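Comments concern the structure below.
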Amino acid sequence: MSAAPVVVVGAGLAGLVAATELRRRGVDVLCFEAAARPGGKVHTVHEDGYQLEWGPQSFLWEEDGALARAIASAGLAGEVLEPHPAARKRYVLWKGRLCRVPSEAWRVLGFSGLLRALWEPLVPRRRRGPPESVEAFVRRRFGRDVARRLFDALASGVFAGDPARLEAHTAFARMTELERDFGSVVRAALGGGFRPRPLRGLRGGLGRLPQALAEGLGDALRLETPVTALRRSGVGWEVEAGGRAHAAAAVLVTVPADAAAELVRPLDAELAGLLAGIPYAALASVTLAYEPAAFPEEPEGFGFLVPRGQGDILGCLFPSAVFPGVAPEGRLQLRTMLGGRRDPGAVSQSDEALVARARASVEEVLGAGWAPERAWVVRHPRAIPQYELGHGERVRAIEARAAKLGLWLTGNPYRGVSLGDVARDAEATAEAVAARLGALA
């Protein structure tokens, strides 16, 4: 058997960040990935002058955050892009009209809804009780109209989820922490307790990050090498991958929850059940290429979100209005999202049906006068894990059972779905693994 102190299962962003951090701390690593390329859903395709993101389009920036450190360790610190100033313009579709938020939120909420939202600082904080859904939390603090109109759109934009099912303190932890610490979300924002993180991108696309991290790992990364079994071996592990057995002092699993469930099922059926019980939203992305002259006014801003009942899509991004180099000169790129918990069958539709739906929405909302020149369809049947009611309790149970096995887990199914959250948790988990190995030594 070949020896490796730590085996990392999966080379998505979480696995790559964890493996890189372990090596930085002097720990030998072997990282196995079943796919032919690293990065998971963080993937960029360049085609005929178009830069197409298959997963996330951008990220939120923290100068001292784990994602910034990962970007620096990949040698890409000088490649971070600031968006065009117009990207600050974000819209919600309401009754066929794009309303800029927050400045035109009153158009979405109406007079009574706006008055109720402004009452939020006077709403007493909730000190105890069972976990709330996102919808219940927002309704309690801001009123029904904010919950159903604005946060319904936001939940679709972040999670492709249903705010009535998402758990507030795990899906939108920062929001509930503001109530806990300041007694009011609005009061916290006005008092400096909430500082929005700026939007950023990478020159050449987000796919450069996993590619650079993978290159930094060199021979320690094995692509097209699925892990097929985990077995305890004395105080360590035996990992079956690529038809060989590899000894490991520790195993760090970073693959999606359903894949992790199958790996641990022979070891702990209850842990496997907890992992398999994390639901996912399916998502289809349809990217359309247009001439600017197709529109009465060239789309400007970050994009728009669509509350339930207001349209056939979840939202539309304007990538070529946000970052340079994503479309050839004289062309526009629009990226529509369909499916989610609202429309789970969308990913099963044909390319032609999905493109037709995306085109119809773009024509109706933005006034496109003729057909797009090109279209790209990407399906993610298990796109985003859903932090639904009970998620916090489920993750605590997963952590407890994994700890009994001596197994480590990180990735977006557990403690945050954004790229920054994933990098932070992967880095912290790698630190804990290194500390544990040091203590055992």
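When residue 427 is tested against (1) farther than 22 Å from residue 40 by Cβ; (2) assigned to a helix (DSSP H, G or I), only condition (1) is not met. Candidates are the residues of segment 379-412 that are in a helix (DSSP H, G or I) and not hydrophobic (A, V, I, L, M, F, W, C); the one that is farthest from the chain's Cα centre (by Cα) is 404. When residues in segment 346-360 are screened for being closer than 25 Å to residue 41 by Cα and either surrounded by 14 or more Cβ atoms within 10 Å (Cβ to Cβ) or of a type in the set (A, V, I, L, M) (or both), 10 of them pass. Scanning segment 421-433 for residues that are closer than 21 Å to residue 72 by Cβ and either surrounded by fewer than 20 Cβ atoms within 10 Å (Cβ to Cβ) or among the β-branched types (Val, Ile, Thr) (or both) yields 421, 422, 428, 429, 431. For segment 51-81, filtered to residues that are aromatic (Phe, Trp, Tyr) and touching a helix residue (DSSP H, G or I) at 6+ places or on another chain (Cβ under 9 Å), the residue that is surrounded by the fewest Cβ atoms within 10 Å (Cβ to Cβ) is 61. When segment 118-166 is filtered for residues that are within 20 Å of the chain's Cα centre (by Cα), in contact (Cβ under 8 Å) with a residue 60 or more places away in the chain and assigned to a helix (DSSP H, G or I), the ones remaining, listed by number, are 150, 152, 153, 154, 156, 157, 158, 159. Restricted to segment 19-105, the set of strands (runs of 3 or more DSSP E) holding at least 3 residues that are of a type outside the set (Ser, Thr, Tyr) and either assigned by TED's automatic domain parsing to the domain that holds residue 433 or within 21 Å of the chain's Cα centre (by Cα) (or both) comprises 29-32, 50-53. The single condition among (1) surrounded by fewer than 16 Cβ atoms within 10 Å (Cβ to Cβ); (2) part of a helix (DSSP H, G or I); (3) at pLDDT below 95; (4) not aromatic (Phe, Trp, Tyr) that residue 197 does not meet is (2). Every test in (1) under 30 Å from residue 95 (Cβ atoms); (2) surrounded by 14 or more Cβ atoms within 10 Å (Cβ to Cβ) is passed by residue 241 save one, and that test is (1). Return yes when residue 96 is out of contact with any His (no Cβ under 7 Å at 6 or more places or on another chain), over 25 Å from residue 414 (Cβ atoms), touching a residue at least 60 places away in the same chain (Cβ under 8 Å) and not charged (D, E, K, R) and no when it is not. Answer is yes for this residue.
The values are calculated or read from the model by the stated rules, or taken from the named source; none is laboratory data. A quick note: this is a predicted structure, and the numbers were derived from the prediction, not measured. Positions of Cβ are backbone-derived with ideal geometry, glycine not excepted, and every protein chain shown enters the neighbour counts.
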